[in-house]
Amino acid sequence: MLVKNILETLLKNSFKIDDKNLKKYKKEAKEKKVSLEEYLTAENIIKEDELYQAAAQLFSTPFIDLKGKEIRQDVLSLIPDEFAHEHGTVAFQKTENELSVAMVDPNDIQTIEFLRRKTGLTPKVYLSTPGQIKDALKKYHSDISTDKVILQLHSDLDENTSNPANLKKIAEELPIINIVNSILEHAVLEGASDIHIEPTEKEVIVRYRIDGLLAQVMSLPKLVQSGVTARIKILSELKIDEHMLPQDGRFKIKLGDEKLSFRVSIMPVYDGEKIVMRLLHEGQKALSLENLGFSPKVKVLVEDSIKKPHGMILVTGPTGSGKTTTLYSVLGILNRPNINICTIEDPIEYHVAGINQSQINPKAGFTFASGLRAFLRQDPDVIMVGEIRDKETAEVAIHAAMTGHLVLSTLHTNDAPTTLPRLVDMDIPPFLVGFTTNIIIAQRLVRKICPYCKKDYKLSKEEIKELEKMTHGQNLGKLFTSENIQDKDITSNISQMTFYRGEGCSKCGNTGYKGRLGIYEVLVIDEPLTKMINERGTAQDIKNYAESNGMINLFEDGLIKAKQGTTTIEEVLRVTKE
């Protein structure tokens, strides 16, 4: 980070921030308990790249953009791992006599001299941003491979697993600890959401779910199976000698300056015990509605429904479609000191300060319905129910929405219009469904195009034929124009329009995708729709009415994002085809 006097000089000279605003920003940064630089970049008052480019000019030092830059492991490792992390220094290029290094402080003479002595090369110093250097430092751990893991093993590991004492001894062997640590760290660095450890007859397969899709990353010898399983059970405080029953647990680790929580599920299978771990980032800030992928028009509808003092906000979609993340983003908007928010979940995925969170325990009789009833005696303003699974929970949720509470919950339905008849099918009176429901959000997650290998292209005849089949001959040019997409090639002729895809590169594992965002279908319950529900209108009737009144369905929202270059048509088809 830049020292105080240099930062303030840059703010005044390069960004024209006067003393009055500087004083204001300092005060706000102090209130949030962060540095002035962190506050300015986090609030997007100043972009980190622009700040450090200005600093580079002040220092008369070249600026290096490390985003997407390939760094060879042999060059990176010229600077010891611990030293690089401690001093925020990355070696990214080497010639016969020079070593190019990126630093945050180009005036750190001691570090430069150390590198000269350590490598025998002349350091050529570049300035980069703390964020880019932090990302580059992750490459120290990104080359974990099966061969390296196997080399850590001792061939004399005790295979006698019938005795719990032996299992504990195996779990405390350094090779086993290193294997488990490698699996966890590598998952974090790869951006995985889930880790699958699967025993087979002759080996143990490790797979990560990255951007919604599973991919095999390691194959471990059968020899380590009992040790790895025992190690994870010990971390999760589970019964180490129980092999015939499912077990659920949780543990936390700290990687760098980030706290991570792993939700563990262990299930007996034919060749041993399968382990699935869900990776959760502790203290992760809720995403804004824009970052989730809501378009400006839809965002306004959601914000209007959040402002209502009572009623239900329902989010629907299959497992893994990001419903919980959306609900927590809404809670993030509502979370203020003068609001009492209670949640009942199974399980609690994010811990949020200022929110009262409870996890159901069916064995103890603590269900969604009983917990919801108890919360009504806790003077709540906002209640989040993890999922409406049955008639009892639905009845209590609707009762809460009728009596002055804002209720947030999820259901498993394919689209927004189907949700209303589904509630009626649970024997909820139609007039209550129509009266209490404010808005229904149906969603899916699509993979985003990798920004490092993004290319434009025109659709082939086969792709156009498939698209016309899915859109039933709809004029896509009209759809895109209505959403204020400014591309010049928007016409009624699909073949003339430009779309985008990723070609595949090392940054995205040659998939062409990196990261995910939502596509949405938002149904606002108005008076005509309430009347239709009272008359037991079908899901198709509701859908026809909503679309005739401007509702963008899931597929159309996906196409809009594909035209904007955020995702691909193939990806939209993949998640919306039924």
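When you go through G537, G502, G434 one by one, which is the residue that is in contact with a Ser or Thr (Cβ under 8 Å, 6 or more places away or on another chain) and either more than 30 Å from K67 (Cβ to Cβ) or of a type in the set (D, E, K, R) (or both)? Even if it seems obvious, please write down each step before you answer.
Details: G537 fails: in contact with a Ser or Thr (Cβ under 8 Å, 6 or more places away or on another chain); G502 fails: either more than 30 Å from K67 (Cβ to Cβ) or of a type in the set (D, E, K, R) (or both).
Sole residue among the options that is in contact with a Ser or Thr (Cβ under 8 Å, 6 or more places away or on another chain) and either more than 30 Å from K67 (Cβ to Cβ) or of a type in the set (D, E, K, R) (or both): G434.
Can K274 be described as touching a residue at least 12 places away in the same chain (Cβ under 8 Å), in contact with a Gly (Cβ under 8 Å, 6 or more places away or on another chain), assigned to a strand (DSSP E or B) and open to solvent by 50 Å² or more (accessible area, probe 1.4 Å)? Spell out how you get there, then give the answer.
Working: touching a residue at least 12 places away in the same chain (Cβ under 8 Å): yes; in contact with a Gly (Cβ under 8 Å, 6 or more places away or on another chain): no; assigned to a strand (DSSP E or B): yes; open to solvent by 50 Å² or more (accessible area, probe 1.4 Å): yes.
It is false that K274 is touching a residue at least 12 places away in the same chain (Cβ under 8 Å), in contact with a Gly (Cβ under 8 Å, 6 or more places away or on another chain), assigned to a strand (DSSP E or B) and open to solvent by 50 Å² or more (accessible area, probe 1.4 Å).
One residue is enough: does segment 314-323 have a residue meeting the conditions of a type in the set (V, I, T), under 29 Å from D415 (Cα atoms) and surrounded by 12 or more Cβ atoms within 10 Å (Cβ to Cβ)?
Taking segment 314-323 as the starting set, the residues that turn out to be of a type in the set (V, I, T) are 315-316, 319.
Filter once more, keeping what is under 29 Å from D415 (Cα atoms): 315-316, 319.
This time we only want the ones that are surrounded by 12 or more Cβ atoms within 10 Å (Cβ to Cβ), so: 315-316.
Yes - at least one qualifying residue is present in segment 314-323.
What are the residues in segment 10-22 that are outside any loop (DSSP other than H, G, I, E, B), open to solvent by less than 60 Å² (accessible area, probe 1.4 Å) and within 15 Å of L58 (Cβ to Cβ), if any? Steps first, please.
Of the residues in segment 10-22, the ones outside any loop (DSSP other than H, G, I, E, B) are 10-13, 19-22.
Applying the additional criterion that residues be open to solvent by less than 60 Å² (accessible area, probe 1.4 Å) yields 10-11, 21-22.
Once the filter is applied, which keeps residues that are outside any loop (DSSP other than H, G, I, E, B), open to solvent by less than 60 Å² (accessible area, probe 1.4 Å) and within 15 Å of L58 (Cβ to Cβ), segment 10-22 yields L10, L11.
I want to confirm something. Restricting to segment 284-295 and keeping residues that are in contact (Cβ under 8 Å) with a residue 24 or more places away in the chain and more than 13 Å from the chain's Cα centre (by Cα), which single residue is surrounded by the fewest Cβ atoms within 10 Å (Cβ to Cβ)?
S295
Just checking, how many residues over segment 487-520 are of a type in the set (S, T, Y), surrounded by fewer than 14 Cβ atoms within 10 Å (Cβ to Cβ) and free of Cβ contacts under 8 Å to residues at least 24 places away in the same chain?
Going residue by residue through segment 487-520, those that are of a type in the set (S, T, Y) are 491-492, 495, 498, 500, 506, 511, 513, 520.
Those left that are additionally surrounded by fewer than 14 Cβ atoms within 10 Å (Cβ to Cβ): 492, 495, 506.
Among the residues that remain, those that are also free of Cβ contacts under 8 Å to residues at least 24 places away in the same chain are: 492.
The qualifying residues number 1.
Which of the residues spanning segment 262-271 are in a strand (DSSP E or B) and farther than 15 Å from I195 by Cα?
Just the residues of segment 262-271 that are in a strand (DSSP E or B), to begin with: 262-269.
Matches in segment 262-271: P268, V269.
Find the strands (runs of 3 or more DSSP E) located wholly in segment 181-261 whose residues include 3 or more that are under 24 Å from C450 (Cα atoms), and list them. Give the derivation first.
Working: elements: 192-199, 203-210, 213-221, 247-255.
In segment 181-261, the matching strands (runs of 3 or more DSSP E) lie at 192-199, 203-210, 213-221.
Output the residues belonging to segment 270-326 that are β-branched (V, I, T) and either farther than 19 Å from T418 by Cα or touching a strand residue (DSSP E or B) at 6+ places or on another chain (Cβ under 9 Å) (or both). Give the derivation first.
The first filter runs over segment 270-326 and keeps only residues β-branched (V, I, T), leaving 275-276, 298, 300, 302, 306, 313, 315-316, 319, 324-326.
Of everything in segment 270-326, those that are β-branched (V, I, T) and either farther than 19 Å from T418 by Cα or touching a strand residue (DSSP E or B) at 6+ places or on another chain (Cβ under 9 Å) (or both) turn out to be I275, V276, V298, V300, V302, I306, I313, V315, T316, T324, T325, T326.
Check every one of the strands (runs of 3 or more DSSP E) wholly within segment 342-441 and list those with 3 or more residues that are open to solvent by less than 40 Å² (accessible area, probe 1.4 Å). Step through it out loud before you land on a result.
Details: elements: 356-359, 382-385, 406-411.
Hits in segment 342-441: 382-385, 406-411.
The values are calculated or read from the model by the stated rules, or taken from the named source; none is laboratory data. Bear in mind the structure is a predicted one, so any value in this text is a computation, not a measurement. Counting neighbours? That spans all protein chains shown, and the Cβs are built from the backbone with ideal geometry, glycine included. SASA here: full protein model, heavy atoms, side chains in, ligands and nucleic acids out. Shrake-Rupley method; radii C 1.70, N 1.55, O 1.52, S 1.80 Å.
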